[in-house]
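A short worksheet on the structure shown next.
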Amino acid sequence: MPKTTKSGTAKKSELPETLLKSSAKAQRTFAKAHDAAAEQYGEGERAHRAAYAALKRTHEKVGDRWVRKDEPGPSDPRSTKSTAQKRRGVGETYGGVDLYGNTRQELYERARKLGVEGRSRMSKAELARAIAKKQR
């Protein structure tokens, strides 16, 4: 089912809940990527994964919404892998938290606001993992 209208806006009834709370740009990015992927691969999980991959290049999940990144690019080690490697689960993903686009201090501050225990001893990757877990 298409996620965009004929005018190119996202159909709110077709979007995941976190996108309903996000900007119109995030909604359009996901919807257009999903429609293109569904046209190429058919409706289903593959189209959904492709849409989230496109969204994660330009947006980062912060709390219960997607926020535009300062610089577009890969967000986690898995997004830098080939499609075959991604299918096999090579590389870690951090639930929409942008590991590469944030400093350790920025991730630490987010973890502090979320009440993550033991954050002062965590590495950058551990902080991203803990933030993703708290945001679920």
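The values are calculated or read from the model by the stated rules, or taken from the named source; none is laboratory data. Predicted model, so just to flag it, every value in this text is computed and none were measured. So basically every Cβ, Gly included, is an ideal-geometry build from the backbone, and we count neighbours across all protein chains shown. Side chains are part of the model used for accessible areas, which takes the heavy atoms of the whole protein and leaves out ligands, DNA and RNA. Shrake-Rupley method; radii C 1.70, N 1.55, O 1.52, S 1.80 Å.
Lysines near LYS25 by alpha-carbon distance under 19 Å, same-chain residues fewer than 8 away left out - which ones?
LYS25 reaches LYS3, LYS6, LYS11, LYS12, LYS56, LYS61, LYS69.
What are the radius of gyration and Dmax of the range 80-136, computed over its Cα atoms and given in Å?
12.4, 37
Suppose every Lys and Arg Cβ carries +1 and every Asp and Glu Cβ carries -1, with no other charges. What dipole size does the range 46-129 come out with about its Cα centre, to the nearest 20 debye?
Magnitude of the dipole: close to 360 debye.
What accessible area per residue, rounded to a whole number of Å², is obtained for the range 46-101 using a probe radius of 1.4 Å?
Per-residue accessible area for the range 46-101 comes out at 55 Å².
Which residues' amide hydrogens lie under 5 Å from the amide hydrogen of HIS59, considering only partners 5 or more residues apart or on another chain, with H built in the peptide plane?
Under 5 Å from the amide H of HIS59: LYS69.
Give me the distance in nm between label points sitting 7 Å out from Cα along the Cα-to-Cβ direction at ALA24 and ASP64, one decimal.
In this crude spin-label approximation the distance works out to 2.3 nm.
For the range 35-136, give the percent of accessible area contributed by carbon and sulfur heavy atoms, probe 1.4 Å, rounded to a whole number.
In the range 35-136, the share of accessible area belonging to carbon and sulfur is 47 percent.
Please list, in order along the range 104-109, the HN-Hα scalar couplings obtained from phi with the Karplus expression 6.51 cos²θ - 1.76 cosθ + 1.60 (θ = phi - 60°), rounded to whole Hz, x for Gly and Pro.
Result, ordered by residue: 4, 5, 5, 5, 4, 5 Hz.
Given the peptides 121-134, 100-113, arrange them by the average over their residues of other C-beta atoms within 10 Å, most packed first.
Top to bottom by mean Cβ count within 10 Å: 121-134, 100-113.
At 7 Å along Cα-to-Cβ for each site, give me the label-to-label distance between ARG87 and GLN40 in nm.
1.4
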